Each structure stands twice: as structure tokens, then as C-alpha cells.
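Below: one structure, written as C-alpha cells.
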Amino acid sequence: PLVVDEAPAAAEAHGAAVPPQPELLAHGSDEGEVERAGTDVPQLQNPAKTRARSGQAGRKKRGEPSPSSLNGVGGGAAAGSAISPAGAAKRGISPGMLSYIRKKFKSEAAAAKDAKTATASTTAASSFITSRGEGPTNRSPSSGFVERSVVEDPESLAHIDVDELCGVLKALEDKDQKWREELKEQRTLLRQAIKKLNATSIMAGGAAVAMPAESEEEEEAKGDPSGLTGLPVTSKTCEIVHPGAECCTRVMVSVCPSENRATVTVEASARPLSGQSAEEDLGTQDMVALASLAVQRAGGRLFAHETHTLRKKKRAQDRHTGHLELSKILQRGEIVSSRRSDHTSEFGHESFLVEIEDRGSDSSHSGRRIKALFKPRSEEGEESGWHRVGCEAVAYQLNLLLGMDYVPPSHVRKGEIVVDGQEFDEGCFTYFVEGARQLNEVVGEQRQQRHGHGMGGKGDSDLDMAVFLSDTRILDVLIHNSDRHSGHFMHGPHWIDGGASAFLIDHAAGFRREACVRMDHENAFMTGPTRIISARTYLHLRYLTCDILEEKLTPYLNLSEICELNRRKDAILDYFDGLVFFEGYDNVVVD
């Protein structure tokens, strides 16, 4: 049968110009070898034509006539070619037959196109490509909705609608632009988060994170660093936790200030290091254990960083500056006068009242002069435990670590210390509060005044007194001080702001092994066991770690004493956690 290319006929049916088609010349060979007029270049073979030639060769061997000879058409009529009048004359086709063939082809091509359009309409519902956030009912080309039709001839492009294709391309361009803008925004947020991470030095080791590459288009997308509140901060650390194993931890901190909520995520992975003999001794369970150890270390680093920041934020800057100034004078100031203290110890431990001045020629020396009580170190007092001068400095440091300010500044000096004509190798200087009185005398007078004015019951001063006694008991349990009698509770002008307040003195009898100091013991004011705690002290106790204790107290205590102090801290937390569980938070914790 005659095979005619559909493309020129379809174009002619739509009124388009048909390009001139090359004439096909049929030679006398039954194999149907075809060559274009005026050239010897053979045409590309297709499978249908190859099979037709094979059939003609078989019929020739059997002596059968070919179908092309019966129809009067040369065997070289190839698929994909139109028949010109000149070619038709050579093949014995009359002009009338040629006109009939063309009309027939036009009608069949139009019917085929209608059939394909109907098929595409019925099968489009089963194959949708929708863009994000758009429903299947939105079928406009600009909305990103694409209909995919199935055609019988996948190599043909006749089923594609040009307008629809343009709409699809426009939708893809819009979506590509949208994704580019989203990517630019994400890169901006990432860059801001890295700036915040580098500023806070949250990463262990202090290494700065490299910034992502910034294109010229992203220069204008730089955000304001002041709007970083709430952005997640991520740090990653890799370390060798055991020979032959590397652990990488990833810590992400995300806060929501509006809800007062924080989320900390710690991920760890462990892998063996190739090329090391220790790799053979580590199994999968070992990797799990080492990764858990890496999580613990990462959490400890984050905890230390956050608590250090909290302590700096919660202490008043002016008070902190005052403590630094007094500490510098006590440690390095020049003793300008000294005399023996009026207070005499029943155990024979001597003390001296001295004046210290911050002298110097440069501007760093203020020339300020303060009074201090000097306690020299004695071998007998160290051995008995009743006069350890280093315990005064320990009590002062713990008092600050717990957010208190009840213990006057105290510092230990070593070297040639000349006081009242005597030379000492070591001793402690403690700020001396002039005009101080015993606290029980002041409290008695305040109660008498309140009752004299008809003010019965408990007031704010009683609550403050209860918090003060609670903090005192916690401090005494920590340093194991059993020598807290009423003479060690004082009242006078504070060393920072000068306001009248209660304070504590004489902590040299701390850390005696034979002492027994408990939270449920009676105090010097006979108010009963300690049953409340300040919210500030409660949190600071929770933040107190063994590492911090070692850093602050190593000059005065040995490692065993520091570990015992940390164990007593845990016992105090257990005590108050139990009270909160049985009696309720509001009945135990006060502001």
C-alpha cells in the first residue's frame, strides 16, 4: 500500500505552505533501493522499509510479483515522502488518481487530529503536575498546572499545543524565580546565625565558622543583625574521645522568647579511624558508648557557657566593679598602719586591724584607703581546723558564686607581710565594716519598734530574715562550718553601697572532718530547721559544677575537699527537691 508522510498533508490542510518535496526515482531493482534525484546519497533506512525489502526479496526468489508492481507504484515509495506530479507520472499514476489520493489524505489527517485531541482530553485527568500550594482545579497555564497526554506516536510532536507549552514554560520560570528568592532568604538567615555563633563563641575551641559564599544578588538581602533573637544557633565539634574513634557532635540551640521556651538538640556520631590498630578492638556497641560520652561532653560545654553568661548578667555591674576594686586593694594595696585587734580569741588566735591604701603613680591607682582585718596563718590553727585562714576566702568566693553578697571581700596574701612590726609568710585580709553591730541586737530593736506601733504578725523584714538565715545555713553546710553562733551574724553598712544590711563573719573553722552540719539543724536565732530557699540561690546551686569549684577554690583547698564540697552541694539540692515535691514549689521557694 502507498505510505505518505503526514506532516506536509497536515500543513496543507491548515493552509500552511508545504515545502517542496524531493522526487523519488524508482530503479528496476525489486529491493526498492531509493535515491534522491541528482544525488547518490542513500536515505536512512527505517525498520518498516527494511521488512518490506526482505519480503520483496523473498517473493522474487519464489517468483511472485511484488505488490508495488500490481498497484503501478514503484517499490521505492518511501514512508515520510510526498508524491509530486512528475514522480506520479513516472510511476504511472494519473492526475485524477493523484487528486483523489490527496483529498483522501486530507480528510484522514483531519480525522486523526480530532481523534488525538479527544484522546488527550480524556486522559489528561490521570496525569497532573501541580505546583506547590495549587489545587488540581486550577488549570490555567500560568498557574503552573500541566496536563500530560499519552499519544500513540511518541516521536511525533503533532499532539503538543503551542499556547499550552508557552504557559507551562512561563509557570516554570515563575517558580524558578520564587525558589531563587527563597534560597536567597535562607542564605541570609544562615549568614546571620553564623555571625551570632561567632560572636558568642559557643563552639568549643573558639573556631569561627566560615561564612557561605555571597553573590552580588545577595548583597542587598543582608539582614539587620539586631533581629537575631530566636534564630537557632548550631555548633559542630569533632574530637578523638578514644584512640581509634572520632566523635562529631552537633549542638543546636533554639529559643522562643515570646513563649519563654528553649530547645537544645545534641546529636553525636562515632566512627572508627582507618589505619589505626585500635580500630579492630572497637565494635558497634563501643561506638554507641563513645557517642554517648561525646553527647555528655557537648552538653557540659554548653552548660558551662550558659551558666557563666547567666552569672555575668544577673550580677549588677556596679556591684561587680566595686568587688573588683576592693579585691585589688586587699591583694596589692600597701599597709600604711596596723595594730592588734580588740577582739581576743579564746583559742589564742591573734588578728590585726590594718589600713591599706591603693598607692601608685599611674592612673590605675585610686589612692583609696580601707580598713581590713588581718589573720595570719598559724600551724596550730591549720592542724586543728579551727583557724584555717584560707577558709575566709573560700566563703567569700562561694558567696559570690551563689549570687549572695553576705560575706565581706577576703583575699589571701603570701610573701613578706609586715604587720604591727611582725613579719608573716601568709595571711588573709578581710574587709572591716566600721560601726557594725551584732544582728540579734538590731533584730530585737526592730521587733520592739514594730510591736510598739501595734504592728503584729510577720512582715517583709521577717521574710527577708528567713531568706538570710536559709542562705547562711546553705553556705555553712557547703563549707562544713559548725561555728556559726550569734556573734558571727553582724549588721552594718555594706561594703559596696553603704546601705545597712546583715552580713556574716569568721569562717576560719570550716572543713573540719569531725564537724556535723545539716540542713535540718537549728540556727542561732532558734527559728527551726531550714524549710525555704531563695529562688536565686536554688538556681545558682544547680549551676554550681565541680569544674567551677576547682577553678575558684584550688588556691585554698585540696582536690579531696573540693569533691566533698561538691557532694554536699548535691545533697542540698536533693533536700530542697524533696521539699518541693512534697510541699509544693510556692511553699518552699521564695523570691
### Task
Kindly indicate whether any position in the range 214-225 is at pLDDT below 85, surrounded by 13 or more Cβ atoms within 10 Å (Cβ to Cβ) and not in a helix (DSSP H, G or I).
yes
### Task
Could you grab me the full set of residues in the range 518-558 that are among the β-branched types (Val, Ile, Thr) and more than 43 Å from the chain's Cα centre (by Cα)?
Thr527
### Query
Just checking, which of Asp405, Asp425 is open to solvent by 40 Å² or more (accessible area, probe 1.4 Å), modelled with pLDDT of 90 or more, under 30 Å from Glu350 (Cβ atoms) and among the acidic types (Asp, Glu)?
Asp425
### Message
Against the condition among the charged types (D, E, K, R) and touching a residue at least 60 places away in the same chain (Cβ under 8 Å), how does Arg512 come out, does it pass?
### Response
yes
## Note on the structure
For helices (runs of 4 or more DSSP H) lying entirely in the range 271-388, having 3 or more residues that are charged (D, E, K, R) and either surrounded by fewer than 13 Cβ atoms within 10 Å (Cβ to Cβ) or at pLDDT below 85 (or both) picks out 284-314, 379-384
#### Entry: Extreme residue, nearest to the chain's Cα centre (by Cα), among residues of the range 389-425 that are in a loop (DSSP other than H, G, I, E, B) and more than 25 Å from Glu551 (Cβ to Cβ)
Asp420
### Summary
With criteria (1) in contact (Cβ under 8 Å) with a residue 60 or more places away in the chain; (2) open to solvent by 10 Å² or more (accessible area, probe 1.4 Å), Gly415 comes up short on (1)
### Query
Residues Arg536, Arg567, Arg542: which one is under 21 Å from Met404 (Cα atoms), without any contact (Cβ under 8 Å) to a residue 24 or more places away in the chain and basic (Lys, Arg)?
Arg567
#### Entry: Close pairs (8 angstrom Cβ cut-off, 6 or more residues apart or separate chains): free of Cβ contacts under 8 Å to residues at least 40 places away in the same chain and open to solvent by less than 100 Å² (accessible area, probe 1.4 Å) in the range 575-591, in a helix (DSSP H, G or I) and of a type outside the set (S, T, N, Q) anywhere
Val580/Val588
### Message
Just the residues that are in contact with a strand residue (DSSP E or B) (Cβ under 6 Å, 6 or more places away or on another chain) and basic (Lys, Arg), please, taken from the range 557-582.
### Response
none
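The values are calculated or read from the model by the stated rules, or taken from the named source; none is laboratory data. Because the structure is a prediction, the values reported are computed rather than measured. Quick reminder, even Gly has a Cβ in these numbers, built from the backbone with ideal geometry, and neighbours come from all protein chains shown. Accessible surface is based on the protein model in full, side chains and every heavy atom, while ligands, DNA and RNA are left aside. Shrake-Rupley method; radii C 1.70, N 1.55, O 1.52, S 1.80 Å.
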